[in-house]
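Data first, discussion second: the structure below is written as structure tokens.
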Amino acid sequence: MYPVGILDSNIVFTHPEGIVRMKKEIVLMENCTSQHIILGKDYLNIYGIDINNNKDRYFTIGENKRQKFAFSNIPKQISIISSVKDTYKEEFVANQLVEAQINTSFSPKMRHHLIYVLYTYKNSFASDNELLGTIKGHEVDITLNIDRPYPAVLRRPAYPASPRAREALEKHIQELIQLGVLRKVGHNEEVEVTKPVIIACHNNKSMMGGDLRVLNTYTVPDRYPIPGIQETMTQLSKAKYITSMDALKCFNKNVWMPQTKKFLRIITHCGIYEYLRMPFGIKNASSNYQKMMNTIFPTELSEGWLIIYIDDIIICSYSWYLRLERLSRVLYKATGVNKKISLKKCNSGFEELKALGHIVSGLGLGIDKNKVEEVLLKPIPQNKKERMSFLGFASNYRQDLKDFEIIAK
């Protein structure tokens, strides 16, 4: 640990009976942690570091204070301290922020302010070192509507798979183990519930997922409400500046309670594995995630400028500086619970953008042409189940379709 700069700071303490002004010297130390931090002299004394501010400046470490360490190559200009910070900021802008979509019409000053906020809360964004993050204090539980012994239908063998599918499956499993999503179940562990795995291959790409349909039928539903898209769209239409962010692999951020993990075991040709985090396709996943997000951001949601629709985070504001303040509040709370946001899907400070299948601006709402094509390309429903599915999809655009209720009947 060694100092890289000294900062003379004027500190003002306000009080109803008067104001206290103090001038303190703050030393910026390197190698205290993985990042630069500022420690006051009193804090350093607690850990046995004493700074002598006489003509021959030195510092000592330890109780006997016999060994003196000189301040070599101490920068005496505040600008040097700034340059140390700028190096890390430049790396952040070049390596991570380049993935984000930032409004190109911003003035240099506006762009500087935005980058400052994003850099300050850079730990809220996913990185190669920490892709998912583990959200603190929001473990998820599953309640079944049956008791032990569990029916045989909940303990199923692995599905047969082709050599190509097996190779893809092994690759997916290793990736999920590295991410901390899966772990291999030991041979001496009791196994009561297993689900086979579905592997889908298309155009040299593959997707893996546990077949959770049977487990879902025995799972007690969570009726926690998901926000209505129409109400959400109305809030968005009033904003001048809109920022949208996406939680990377949102469901995988929730870990299971210890007693629940036994229900989340999948069986493959290479063994049995256990989901440590909430997988896609599990019943109540959307409700659990929405409940967690509403718990993290209750004040912001009640004030009406923050919109959370499952994994979509949208910040609305009518002035630039208010937008920065609100963005800071959201990223501060995200950092506090170790929530990771995808910079690739971050759209900052636009007056118009695509959100929840619509084109949103301060002038009103429009329809995303790509979504119109999706509706037109959908096959004609052939039975009641397909008809209900189509109506549920089309109802998202009911405000844009004249007499939708009459047609739907």
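Points to keep in mind about this one:
- Tensor-based shape of the stretch 132-207 (alpha-carbon gyration tensor, a/c under 1.5 rounded, otherwise prolate or oblate): oblate
- 3J(HN,Hα) from dihedral phi, the stretch 216-225, Karplus parametrisation 6.51/-1.76/1.60, rounded to Hz, x for glycine, proline: 5, 5, 9, 8, 5, x, 9, 8, 4, x
- Using the Cβ-Cβ distance between Leu391 and Met257 with R0 set to 51 Å, the FRET efficiency from 1/(1 + (r/R0)^6) comes to roughly 0.90.
- Label-point separation in nm, Glu139 to Glu167, each point 7 Å along Cα→Cβ: 4.1
- Counted residue by residue at 0.36 nm each, then reduced by the alpha carbon distance between them, the extension gain from Arg156 to Asp128 reaches 6.5 nm.
- Arranged from fewest to most other beta-carbon atoms within 10 Å of their beta carbon, Val220, Val337 become Val220, Val337.
- Stretched out straight at 0.36 nm per residue, the stretch from Ile272 to Met207 would grow longer than its current Cα-Cα span by 21.6 nm.
- Annotation: amide H-H contacts under 5 Å for Thr268 (H modelled 1.01 Å from N, sequence separation of 5 or more, or interchain): Tyr273.
- Residue-span extension gain [Asp50 to Arg223] - 0.36 nm each, minus C-alpha spacing: 56.4 nm
- Fewest-first ranking of Ile266, Ile102, using other Cβ atoms within 10 Å as the exposure measure: Ile102, Ile266
- Sorted ascending by nearby beta carbons within 10 Å, beginning with the fewest, His202, His113 become His202, His113.
A short reminder: the numbers here are calculations on the coordinates, not readings from a lab. Keep in mind it's a predicted model, so treat the numbers as computed, not measured. For neighbour counting, all protein chains shown are included, and Cβ atoms are generated from backbone atoms with ideal geometry for every residue, glycine included.
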